[in-house]
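Visitor: Sending over a structure as structure tokens; questions will come in a sec.
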Amino acid sequence: MVGAWLFGAFVLLAIFGPLFVGDPLAYVGAPHGSPSAAHWFGTTGQGQDVLAQVVVGTRVSLLLGVLVGVVVVSVGALVGVSAALAGPRGDRALNLLINVFLVIPGLPLAIVLAAFLPKSPWTIAAVLMFTGWAWNARVLRAQAMAIRDRDFVAAAICAGESRLGVLWREVLPQLRALLMAQFIGAIIFAIGAQVGLEYIGVGDISVTTWGTNLYWAANDSALLTGSWWTFVPTGVMIALLSFALVMLNFGVDELANPRLTTGRIFDAWLRTRNASVGPDAATPIVPLVQDGPQEDARP
Amino acid sequence: MPGGSHAGHQRRRGVRLVGLLIAVGWSLVAGPGCLADKPPARSGVVTVSHQQSATWVRNFNPLMPNSRWPAAAGVYEPMMVFNTAKDSWTPWLATAARWVDDLTLEVDIRDGVLFSDGTPFTAADVAFTFGLVKQHKALDQRAVWSFLASVEATSPTGVRFVFSKRYAPGFGDLMEQPIVAKHIYAKVKDPVSFADATPVGTGPFTEINAFRPQVYELGKNPHYWQPGKPMVDALRLPAFVSNDAANLALVMGEVDWSGNFIPAVDRVFVNRDPEHHGYWFAEGGGMVFLYANTARGPTQKASVRKALSHAVNRELLVEVAMYNYTSPARAHGLSETYAAWRDPSAIAGDADNWTRFDPDAAKRLLAGAAVPADWSPSIIVVSGWSDWVRAAQVVARSLQGVGVNARVETYEFGAWFERVQKGDFDLAIGWSVEGPTPYSFYKWLMSAETRKPLGETSSGNWHRFADPAASKLLEQFQVTTERAAQGELSNALQRRFVATAPAIPLFANPLWGAYNTSRIEGFPTAADPYAPLAPHKMPACLLTMTSLKPVTK
Amino acid sequence: MSTKTRTPVMAIRNLVVDYVTQEGPLRVVDGVSLDVHAGELLGLAGESGSGKSTLALAAMRALGAPGVIRGGEVLLSGDNGVEDLLRMSPARLQEVRWSDVAMVVQSAMGALNPVLKVRDQIIDALVAHGVPKARHAPRVAELMQSVSLPPETADAYPHQLSGGMRQRVVIAMAIALRPRLLWMDEPTTALDVIVEREILELVAELSRKEGFGVVLITHDLPRMLEVCDTVAIMYGGRLAELATVDVIHRGGARHPYTSGLMAAFPSLHGDESALQAIPGDAVSLRQPPTGCRFHPRCARAQASSGCMDRTPPWRQTNRLGVACHRADEPE
Amino acid sequence: MSVLRFLASRLGFYAIAAFVALTINFFLPRLLPGDPATAIFGRFQGKLQPEALEALKEAFGLADAPLFEQYFTYLGHVLTGDFGPSVSHFPEPVSAVIGQGLLWTVLLVGLAVVISFIIGTALGVFAAWRRGGRLDRWLPPILALVGAFPYFWLAMLMLYIFGFELGWFPVRHAHSDHLEPAWTLTFIGDVLAHAALPALSVIIVSLGGWLLSMRNSMIAVLGDESIALARMKGLSPRKVMWRYAARNAIIPNVTSFGMALGFVLGGSLLTEVVFGYPGTGYLMLEAIQSQDYPLMQGLFLAITLAVLAANFLVDIALIFIDPRTRIRR
């Protein structure tokens, strides 16, 4: 739940935050000013407000992350599920495509692509979409195949439903939790990769994003001048957002996978009775308390 | 593989794993106190950081346009050295020079100088060098053959230069030409691409003790002509990829002599070791310009260039980009170096004062010039030159403030320089060409003689500007040796500059120089300005090189 | 076939097992007592969810989360006399399991470690119980022979074997240390009918030859009646009836559920769906019926006998018994 | 023999992947706005004879021939390792420039990835084994938080703290400037000291991923009957944990190890930039800033081939770890 709250906070910050801070590129104070009442996170090496840059950067970076996440998961789902439903020959071809894209190192390809293309955040987004879909496709293909082999889907196919209809009505609903988890994972990937690409300068350094914030921090000798405030807040924001998403993913995982919950409840129940499963994993013995309070649901 | 392994085996594997973890942990927590990259405790090796480069290329040919320090002043030497700190010439391989008439210059060559291989250096080497440069135009960096008619060695210690026209500034060009060894270069088939990997020169440091992509070391010339000099054994030049990397090394005490921009220098550098750390950022580094391409785009119009200039808040620029190490530029473009040449009356009216921060005036001028609304010029700048990148950012921001959608693009030096030299840019941050008088400064800004078409490599006048009136003034300057007359011409040139705004001066670049006296001493300072401190100030750095000595305890 | 005079190899007394769920513990095995003797083949039958597999795993103390033992004893008689498996030290438990009591689990494929050769998996058990190294190879060969597998099978990986071969390997592994008792938890579910018969016959033969007791869990009642000596029927976590095969064959089942089960298998084999011949749904452990748990589905249930409100007591006659209020009443 | 067939089929796959990478590489310059040949080779003008320039354009498939013809010329050149001269390191050929950098990257990334994989996997085994234990409850979220920081950001922080402020570790390059590369203990120690911080930053960030995937895989395996059986057999917990559970749980992890290499490598490219570590990442940055497109393309191909090779090694490792790949497949 921590994840959901934190992520919600980020979304609100991205939408409304920029309204409350000033122009992130305006020169408002002395360069490398340490955090103060006027500038809570200090100023950059160019005398810009770090807080404003972090907040405005959130908007672009989050938007880009979500956008790339949606596209990457959609493409992954399309290719993966098509492969599962396409019949052996189509599957072989699509699976090959997936595996090839998986094995070609994504970030170096993204770097080179971004270097060749005109500089803008949208270029970065497009590049990440191109390089990031394969992992999702691979996982979704495996899941879709498992679902395909279940009776009700086989029945639907036998009943003469079109593949597309089967896809829509039978397969996709089963994949909802997985798609959600993948979407979250894809946002993490997109933000991390975007920040990395912009940090090395293949992005548009005139746009305020988390990546360009770090680019400028490095260019303005943040380390040398000890101006930790120029790069720590952005880094922490990136980590917090990713962390929130990871935690959200744990939560989604638990919703999708009730067995995880079962184990937790069991351990907790044992703990309240001062028992636990030993390293030999022998079944624990918790004697019924005859004259104690009625602890069990059943007489 | 799996086989009949038993429990003991498994336990040992576990123990090994734990051992690995401990080992890793140990090296993190306790071990590495002694691991930092401290230079070896060799006395008399000066570690210098003068320019950024990812890796070194073994090329010591001093005649190439991209020849690297210290090839041109260190391995090889010129006949005389101009000391910008003192505004005077120091005789070097020559002992004296005199004008026999308007077109004839006679130079006395120093006797007893030996090349590093023991061969005597004579006037023949000088004549040969100029002959070589004449033969290969690509090596004629100073364009000396544009004013020379002939060079001949009249005796082993005498050289006579005959000019083809009256050209007073030519004196400096001749004096600062690095002189190579005839007995080596005469055998070289193609001197233009000759890398001169094992140079033979007259300079104080000629022996290549070690050369690796990361670092190289120049040992001292065993036959150096100045007795007892150099007093240090070697120069060591590590390759630093950026200002930051170089400064980090400097701050951590790995570098003795540095020529890099240092942010917040007192706090970052001096305070770390006030006894040994010092710097001298003299305002002699020429002018930093925002070059606007005058051969393409809206910046062909002077009014647009003036508008861009009005848009820039130079006070802010100097504070943000330069930590107030310098002062904002004036519309005549002349820095502190030419303090004596400045004409206060050149900037008379408000219209002349286009270095004034005035966004409204800028907008007015832009509207008047009918600049298209979607004009989005890019400002190209060298990545890693953090002060200039910052300056570019401030400028871009300022231009956005008046409705010009400018963006910063950074390139590695080579790529940037190529674009600049070929005129392939909208706006560029660059340096000025300097000389003893404002002559060369203005020549490379406004002379038709220096203007090349777009796409052709040019060593100056990158913005491709030519003003007929200024060109004429410059021609007169060439034949004027008298200071007062030169002053008049200079004033007229200043007025032309103010009127035409060929380039947009931003601020004077300080000569970056910092030192660490814990191992080496004898650096010039503001208090003892026997030479500029900046190591990249060629060939004046020879003065410093030959004055440094190891600290004696 | 009575072996009543000797002490049983294993005596389960009042075993209670719960599953811990979100709503609290759920009783899955409720006070089951059961004896197994040397050389005896005891069949344990019941619908899915009747608690038979849980009983087996709990008796081995091998029941995983969320199972927990809430009481009872599992008395094992061995060289050290009678010991309660539930009160052993972990070290003693480790010793006793496999050397005294072993188990053949449901899926032979899932039970074998895919990355180890059959030989190594058997030897692991030998090593763990202190069998000297010199005996390893001969013992593996013996075991392969006793489960009628060619000796080179020992050097195969599980995935190289057929389902029947795997099951034989699992049995060989289980009897590697000559246990006194062997639990077999639905050992043939994954196999076809012919192989199933072969395997069960093999076990019966081994049991006779080596003299170990077997508890065979299956829901295939007809097959069970073919091989076993005694049959225990579980319903809703409780033991419903314990009878000899002969008695049942003679139509002498005393619990209505046993009769119902018998009726549900008209032919020699069938599957669980045939159980629907008994009206009503299987018992819900979350809200079990009061009184006799079978009463909602029982044709003979009547309030006056206490079927609806009293738990039927275990009525023991000789070694056999039944838990039904109306067991001895005429129809 | 089926081992050979397995390896052959994998090699076939890598050949296809390499071919796809080559093809992408061929089309990359065509993404450049305007005339790609000018954009790429403009900087050679004046450095190279016009004939040499033409030959170079042809090698890159940018001459005026029909597209498919250009493509085959390009393939031919690449297959012989000819990427032309580097613009920024002129006149050194691209292949020579890459050779050095790749060596350092393989060293650094290899070291970091292997250590991170071993530690992360071991921690995953322990966490899953003591499910809900202290390790299991605290380590995954903590590592998730640490792993959420960008590689290079953590590298910057570590450089600042351990390199700059504390001075414990060197702050740039792959070995001390004053040492000649040699197989001496001093030099090897020096190289390790230089690799320590960059490797550590990669290890810390990637640790959580290995831990989580191993933990999940291990938990799944621990629910298997084979584990229950192994326990009943009387095996020691340690033996059950490693020989029965971990041995099986690691198989999917090794497979994803190969896949993840590309990703970790990408991240470590940025780490190299921070530490001025002279590997491919650093070269890549240099290539980008100097618009050295030939070098960029060569680097991309070299990195791809390195990752493919690493994946092939993983396949070979799988043969040893999983007998199912060895026989009948």
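The values are calculated or read from the model by the stated rules, or taken from the named source; none is laboratory data. Please read all numbers here as calculations on a predicted model, not as lab measurements. Using ideal geometry, Cβ is built from the backbone for each residue, glycine included, and neighbour counts are taken over all protein chains shown. Heads up: the accessible areas ignore ligands, DNA and RNA and are worked out on the full protein's heavy atoms, side chains in. Shrake-Rupley method; radii C 1.70, N 1.55, O 1.52, S 1.80 Å.
Visitor: Using the crude model of +1 on Lys and Arg Cβ and -1 on Asp and Glu Cβ, and no other charge, please compute the dipole size for the protein assembly as shown relative to its Cα centre, in debye to 20.
Guide: Its charge dipole is roughly 2580 debye.
Visitor: Going by average Cβ neighbours within 10 Å, how do the peptides B:358-368, C:54-64, A:240-250 rank, with the highest at the top?
Guide: Descending packing order for the listed peptides: C:54-64, A:240-250, B:358-368.
Visitor: Ok, one more. Considering the protein assembly as shown, what Rg and Dmax in Å follow from its alpha-carbon atoms?
Guide: When restricted to the Cα atoms of the protein assembly as shown, Rg and Dmax are 42.3, 150 Å.
Visitor: Another question, if that's okay. Considering only the other residues whose Cβ falls under 13 Å of the Cβ of A:Gly47, what net charge follows from Lys and Arg at +1 and Asp and Glu at -1?
Guide: With Lys, Arg at +1 and Asp, Glu at -1, the net is -3.
Visitor: Amide H to amide H under 5 Å from B:Thr95: which residues, 5+ apart in sequence or cross-chain, H placed 1.01 Å off N in plane?
Guide: Under 5 Å from the amide H of B:Thr95: B:Asp108, B:Ile109, B:Arg110.
Visitor: Can I ask one more? Summarise the long-distance tail of P(r) for segment B:77-185 by giving the % of C-alpha pairs beyond 19 Å.
Guide: In whole percent, the share of Cα-Cα pairs in segment B:77-185 beyond 19 Å is 40.
Visitor: Please report, largest first and rounded to whole Å, the three semi-axes of the ellipsoid equivalent to chain D, where each semi-axis is the square root of five times an eigenvalue of the C-alpha gyration tensor.
Guide: After diagonalising the Cα gyration tensor, the semi-axes are 42, 27, 16 Å.
Visitor: Another question, then. Excluding ligands, DNA and RNA, what is the accessible area buried between chains A and D, summed over both sides, using a 1.4 Å probe, to the nearest 100 Å²?
Guide: In total, chains A and D hide about 4500 Å² from solvent.
Visitor: Buried accessible area for the B:D pair, summed, 1.4 Å probe, in Å² rounded to 100?
Guide: Adding both sides of the contact gives about 4000 Å².
Visitor: Counting DSSP beta bridges in the protein assembly as shown, what percent are antiparallel, to the nearest 5?
Guide: Bridges in the protein assembly as shown that DSSP calls antiparallel: roughly 70 percent.
Visitor: Note down the magnitude of the dipole of segment C:105-178 about its Cα centre, charges +1 on Lys and Arg C-beta and -1 on Asp and Glu C-beta and zero elsewhere, to the nearest 20 debye.
Guide: Roughly 140 debye for segment C:105-178.
Visitor: How large is ³J(HN,Hα) for each residue in segment C:154-160, as worked out from phi by the Karplus curve 6.51 cos²θ - 1.76 cosθ + 1.60 (θ = phi - 60°), to whole Hz, x for Gly and Pro?
Guide: Couplings: 4, 9, 9, 8, x, 5, 8 Hz.
Visitor: Calculated from DSSP H runs of 4 or more alone, at -39500 (n - 2.57) each and per residue, what is the 222 nm mean residue ellipticity of the protein assembly as shown, nearest 500?
Guide: Here the helix-only value at 222 nm equals -14500 deg cm²/dmol.
Visitor: Hey, another quick one. Give the interface area between chains A and B as buried accessible surface, both sides summed, probe 1.4 Å, in Å² to the nearest 100.
Guide: 2000
Visitor: Counting only other chains, what is the mean number of Cβ atoms within 10 angstrom of the Cβ of each residue in peptide C:25-31?
Guide: Mean shielding by partner chains, rounded to a whole number: 2.
Visitor: Per residue, how much accessible surface does the protein assembly as shown expose to a 1.4 Å probe? Answer in Å², no decimals.
Guide: Here the residues of the protein assembly as shown average 38 Å² of exposed surface.
Visitor: Keeping the other protein chains in place, figure out the carbon and sulfur percent of the accessible area of chain C, with a 1.4 Å probe.
Guide: Within chain C, the accessible surface is 52 percent carbon and sulfur.
Visitor: Which whole number gives the average count of other chain Cβ atoms within 10 Å of the Cβ atoms across peptide D:139-150?
Guide: 6
Visitor: When DSSP beta bridges are limited to those with both residues in segment B:287-508, what percentage is antiparallel, rounded to the nearest 5?
Guide: Beta bridges within segment B:287-508, antiparallel portion: roughly 55 percent.
Visitor: Of the accessible area of segment B:77-185, with the probe set at 1.4 angstrom, what percent is carbon plus sulfur?
Guide: The C+S portion of the solvent-accessible surface of segment B:77-185 is 51 percent.
Visitor: Classify chain A as rounded, prolate or oblate, taking a ≥ b ≥ c as the square roots of the eigenvalues of its Cα gyration tensor: rounded when a/c is under 1.5, otherwise prolate if a/b is larger than b/c and oblate if not.
Guide: Oblate shape, in that a/c is at least 1.5 and b/c is the bigger or equal ratio.
Visitor: Continuing with this model, one more query. Of the GluC sites (Glu not before Pro) in segment B:424-508, which ones lie in a loop per DSSP and count no more than 10 other C-beta atoms within 10 Å?
Guide: Answer in residue order: B:Glu482.
Visitor: Explain nothing, just compute: Karplus ³J(HN,Hα) = 6.51 cos²θ - 1.76 cosθ + 1.60, θ = phi - 60°, for every residue of segment B:270-276 in order, whole Hz, x for Gly and Pro.
Guide: For segment B:270-276, the Karplus curve yields 5, 5, 6, 7, x, 5, 10 Hz.
Visitor: Would you mind putting C:119-127, B:420-428 in packing order, based on average other-beta-carbon counts within 10 Å, highest first?
Guide: C:119-127, B:420-428
Visitor: Next up: Have a look at C:Ala108, C:Gln167, C:Val140 and report the one farthest towards the positive end of the charge dipole of segment C:105-178, computed about the Cα centre with Cβ charges (Lys/Arg +1, Asp/Glu -1).
Guide: C:Val140
Visitor: Is there a pair in B:Lys86/B:Lys229; B:Lys86/B:Lys165; A:Lys119/B:Lys452; B:Lys86/B:Lys537; B:Lys187/D:Lys57; B:Lys134/B:Lys229 whose C-alpha atoms are over 24 Å apart, and which pairs would that be?
Guide: B:Lys86/B:Lys165; A:Lys119/B:Lys452; B:Lys187/D:Lys57; B:Lys134/B:Lys229
Visitor: 5 Å is the cut-off here: which amide hydrogens, built 1.01 Å from N in the peptide plane, fall below it relative to B:Phe121, excluding neighbours closer than 5 in sequence?
Guide: Amide H neighbours of B:Phe121: B:Val113, B:Leu114, B:Phe115.
Visitor: Among C:Gly31, C:Gly49, C:Ala59, which residue has its Cα positioned farthest towards the positive end of the charge dipole of segment C:1-143, with +1 placed on the Cβ of Lys and Arg, -1 on the Cβ of Asp and Glu, and the dipole taken about the Cα centre?
Guide: It is C:Ala59.
Visitor: What is the mean number of Cβ atoms from other protein chains located within 10 Å of the Cβ atom of each residue in peptide A:195-203, rounded to a whole number?
Guide: 5
Visitor: Still on this model: How large is the charge dipole for segment D:104-288, taken about the Cα centre, if only the Cβ atoms of Lys, Arg (+1) and Asp, Glu (-1) carry charge, to the nearest 20 debye?
Guide: The dipole magnitude comes to about 1260 debye.
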